[in-house]
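Here's the structure, in C-alpha cells; my notes come after.
The values are calculated or read from the model by the stated rules, or taken from the named source; none is laboratory data. Remember, predicted model here, so these are calculated numbers, not experimental data. FYI the Cβ positions are ideal-geometry reconstructions off the backbone, even for glycines, and counts take in every protein chain you see. These area figures cover heavy atoms from the full protein model, side chains too; ligands, DNA and RNA do not enter into them. Shrake-Rupley method; radii C 1.70, N 1.55, O 1.52, S 1.80 Å.
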Amino acid sequence: MAYRGVFEKKIVFTDGDLINYNLQPSQFLSGFLMELLEREDSAQSVVYTFPHLTIQEFVAAIAQFLNPHPGDILKFLTDAHNTTDGRFEVFLRFVAGLSSPMTARGLVEFLGPFPHETTCRVIDWVKEEVKRQSGNKRSEAGKRGLLNTLHYLFESQNCGLAQAALGSVKTLSFRGMTLTPIDCAVLSHVIGLCDTIKHLDLEDCHIQCEGIQRLGPGLHKCQELRLNFNKLGDSGVKLVSAALRNPECKIQKLGLRDVGLTDSGAEDLASALSTNPSLTELDLSHNKLGDSGVKLVSAALRNPECKIQKLELNKVCLTDSGAEDLVSALSTKPSLTVLDLRHNSLTNRSVPALRRLILTLPSLKWIQLVGNGFSWTGGKQLRSLQEPRPRLRVYL
C-alpha cells in the first residue's frame with residue numbers, strides 16, 4: 001500500500017485501501033498510520049495517512065526489498081529511476097540504503113533476514129546506473145540523473161561499490177543546477193572515496209556557506225575546482241581557503257568569480273595562497289576586492305612557492321594605487337602567461353608599471369586591459385610592446 005501510494009502520489013488512504021491489502025487499522029495506528037477525520041458536505045469519514053511522507057517512502061522501500069520474487073526488484077528500480085517527476089527519488093535512496101549490511105543489521109530483528117539475492121541485484125543495479133549516468137552529463141535531465149545515482153552510492157555506504165562505479169570518472173559537472181547542502185554532502189563523500197575525480201564544476205549551483213561547508217572535506221582532492229557565481233561570501237571563501245591550506249591539496253585551477261568576496265575576506269584567502277604550491281590558475285573576477293584586497297593577494301603571490309600562470313582580476317575595483325603592488329608582485333613570477341585586468345579603474349599612471357611587467361616577463365602571452373581609463377597615448381605605449389614580441393597579445 002505504501003509503495004502504491006508513492007507510485008500514484010497518494011498520501012491519504014481509506015478503509016477500502018486497507019481492506020484491499022488485508023490490513024486492520026488498529027494494528028498500525030500507534031506507529032505507522034494516523035487517523036484523520038474527513039468532512040464532505042454533511043458526512044464524515046475516517047481516512048488514514050503516514051505521519052510523514054518519508055516514512056511512507058521508507059516502508060515502500062522495505063516492501064520492495066523484501067519481495068519474495070527477487071527478480072522483480074530490477075523492474076521496480078528501473079521504472080522508478082526513469083520517472084522524471086521526482087516522486088521516486090527518496091524511495092530509491094532508501095532501497096539503496098537497505099543494501100548496506102549496517103542498515104540491514106538493525107532491521108533483521110523486526111523483519112527477518114534480508115534476501116541476499118535482492119541485495120546483490122540492488123548493488124549491481126546501482127553500479128551500472130552510475131556508470132550509465134556518468135556518461136550523460138550535458139543535459140539538465142542527465143545531471144539530475146547522475147546526482148540521484150550519487151545519492152544511491154552515498155546511502156549504500158559501500159566504499160568498494162563507489163570506487164568500482166566511478167573508477168573511470170574524472171569530471172563531475174553540475175553547472176547551473178541548484179544543489180542543496182545535502183547534495184553537497186553527497187558530493188564530498190563521493191570525492192573522498194574516489195581518487196579519479198580531478199575536475200569539479202559547480203558553477204552557478206546556488207551554493208551558499210552551508211553548502212560549501214558540507215563540501216569542504218573533499219575539495220582539496222580536486223585539481224580543478226569551479227565555484228563561480230555562487231553566493232559564498234567571505235565566510236564561504238574562508239572554507240575554500242582551508243582546502244588550499246591542506247598539506248595534500250591538489251587544486252591547480254580555482255574559479256571564484258562573483259562569489260561575494262570582499263577585501264575583508266581576502267586576508268584569509270591570501271594567507272592560504274601564500275602557503276599553497278599547487279595553484280596555477282586563479283579567477284577572482286567580479287568581486288569587490290578594491291586596492292586593499294588586491295594588495296593582500298599580491299603579497300601572497302610574492303611567495304617563491306607560488307607558481308601562478310593565469311590570474312583573472314576582471315572588475316575587482318582596482319585603481320592605479322593597487323596596480324603598483326600587483327605589478328611588483330607579478331614581476332617575480334616568470335611562470336605568468338595570462339593576466340586579465342579588464343573593467344577596472346586603471347589610468348595612464350599605471351602604464352609605466354605595466355610596461356615594466358611586460359618587459360620583465362618573456363613568458364607573458366596575453367594581457368587584457370579593456371574597459372580601463374587609458375588615453376590613446378597610453379594605449380599606444382602598451383601596444384608598442386607587441387612589435388618585438390609577436391606572440392604577445394595586449395588587448396585595450
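Of all residues in the stretch 79-123, those being of a type in the set (Gly, Ala, Ser) and surrounded by 13 or more Cβ atoms within 10 Å (Cβ to Cβ) number 6. Only residues that are more than 21 Å from Ile251 (Cα to Cα) and crowded, with 22+ Cβ neighbours inside 10 Å were counted in the stretch 159-178, giving 2. Of all residues in the stretch 181-207, those satisfying the criterion of being part of a loop (DSSP other than H, G, I, E, B), out of contact with any Phe, Trp or Tyr (no Cβ under 9 Å at 6 or more places or on another chain) and buried (at least 20 other Cβ atoms within 10 Å of the Cβ) are Cys194, Ile197, Ile207. In the stretch 32-56, which residues are under 14 Å from Ala2 (Cα atoms), open to solvent by less than 80 Å² (accessible area, probe 1.4 Å) and either of a type in the set (Val, Ile, Thr) or at pLDDT below 80 (or both)? Hits for the stretch 32-56 are Thr49, Thr54, Ile55. Restricting attention to the stretch 259-273, does a residue exist that is in a helix (DSSP H, G or I), at pLDDT below 95, open to solvent by 60 Å² or more (accessible area, probe 1.4 Å) and hydroxyl-bearing (Ser, Thr, Tyr)? Yes, the stretch 259-273 contains at least one residue that is in a helix (DSSP H, G or I), at pLDDT below 95, open to solvent by 60 Å² or more (accessible area, probe 1.4 Å) and hydroxyl-bearing (Ser, Thr, Tyr). Only one entry in Lys137, Lys131, Lys127 is under 21 Å from Arg93 (Cβ atoms), open to solvent by 50 Å² or more (accessible area, probe 1.4 Å) and at pLDDT 90 or above, namely Lys127. The residue of the stretch 303-323 that is nearest to Leu269 (Cα to Cα), among those that are assigned to a loop (DSSP other than H, G, I, E, B) and open to solvent by 20 Å² or more (accessible area, probe 1.4 Å), is Asn303. For Pro352, the test of being assigned to a loop (DSSP other than H, G, I, E, B) and out of contact with any helix residue (DSSP H, G or I) (no Cβ under 7 Å at 6 or more places or on another chain) is failed.
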